[in-house]
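The structure under discussion appears below in the form of structure tokens.
The values are calculated or read from the model by the stated rules, or taken from the named source; none is laboratory data. None of these values were measured; they are calculated from a predicted model. All Cβ positions, even for glycine, are placed from backbone atoms using ideal geometry, and neighbour counts span all protein chains on display. Accessible surface areas use protein heavy atoms only, side chains included; no ligands, DNA or RNA. Shrake-Rupley method; radii C 1.70, N 1.55, O 1.52, S 1.80 Å.
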Amino acid sequence: MGPTLRSMFEQTVEKYPDKEGLVDVRAGRRWTYQEWDEEVNCLANTLKDAGVEKGDKVSTVLFNTAEFATTLFACMKIGAVFNPINFRLTGKEITFILHDAAPKVVIFENATHQQVAQAAGDVHGVQFWSIEQYELDFAVNFHDQMEGASRDRPDCELEENDLYAIMYTSGTTGLPKGVLHTHRDMIDQALI
């Protein structure tokens, strides 16, 4: 069995537990690799508790936030497929991607709220989590969802050829198309 993004991340945590691993300038927070690993585990377990299983998609409509990076690695911990959606897209374009990708959870922020709210009205069976807002009629708060979740590493058997992400093309000549990426693809890119 070859390396996966999960194994690479966890090796980094073991090798550099006290080194700075993540900085969120906007929120004024810093995590060591060990602290970040625990945060990633917490979100991974929260996603599992919300019904996300290996192979299920988790979409984000976020800027470059700590939650974006944490969601990426949380998906890798449980074998979920990360689906980052461009924050510049319209509600109609986001709706198309959500229908096509069929995620279990969509994580978004206040800056993308209007487009996501429009899409939420057109898709069903999807959980919407806001990293900033509370008491939305179509979404719950991301951080509230994580309260009380285990910070232990979740169990999941991963193979290098398992999908880690689905990223959509711009659709300049037609509708966007989902491009599938495996753990092996990303490991090879990282090594290059």
Taking Cα atoms only, helix 66-78 is inclined relative to the longest principal axis of the chain by an angle, in degrees rounded to 10, of 70 degrees
Using square roots of five times the C-alpha gyration tensor eigenvalues, list the equivalent-ellipsoid semi-axes of the range 1-99 in whole Å, biggest first. 25, 18, 11
Farthest positive-ward along the chain dipole, Cα basis, beta-carbon charges - from G178, V126, H143: G178
Residues of the chain: accessible area per residue with a 1.4 Å probe, Å²: 52 Å²
If a paramagnetic tag sat 7 Å from the Cα of Q133 along the Cα-Cβ line, which residues of the range 60-98 would have the backbone N under 14 Å from that point? 61-62, 91
Cα gyration tensor of the range 111-187 diagonalised, 5x eigenvalues square-rooted, in angstrom largest first, produces semi-axes 27, 24, 10
Can you send over the carbon and sulfur percentage of the accessible area for the range 1-97, probe radius 1.4 Å, protein chains only? 50 percent
If R0 = 35 Å, then R29 and H124, at their Cβ-Cβ distance, give a FRET efficiency to the nearest 0.05 of 0.50
Heavy atoms only, probe 1.4 angstrom, no DNA, RNA or ligands counted: give me Y164, Y33, Y134 ranked by accessible area, highest first. Y134, Y33, Y164
Top to bottom by accessible area (1.4 Å), largest first, where do H124, H113 land? H124, H113
Using a 1.4 Å probe and ignoring any ligands, DNA or RNA, find the accessible area of R29 and quote it in Å² to the nearest 10. 110 Å²
Check: C-alpha center the range 122-153 vs C-alpha center the range 42-61, spacing in Å is 11 Å
So the number of lysine pairs in the chain with alpha-carbon atoms under 14 angstrom apart, 8 or more residues apart or on different chains, is 7
Let's test the formula: R0 of 45 Å, r as the Cβ-Cβ distance of A102 and Y16. What FRET efficiency results, to the nearest 0.05? 0.75
Within-11-Å neighbourhood charge of R151 [Cβ basis; K, R +1; D, E -1]: -4
So the angle from the long Cα axis of helix 5-15 to the longest Cα principal axis of the chain, reported in degrees to the nearest 10, equals 40 degrees
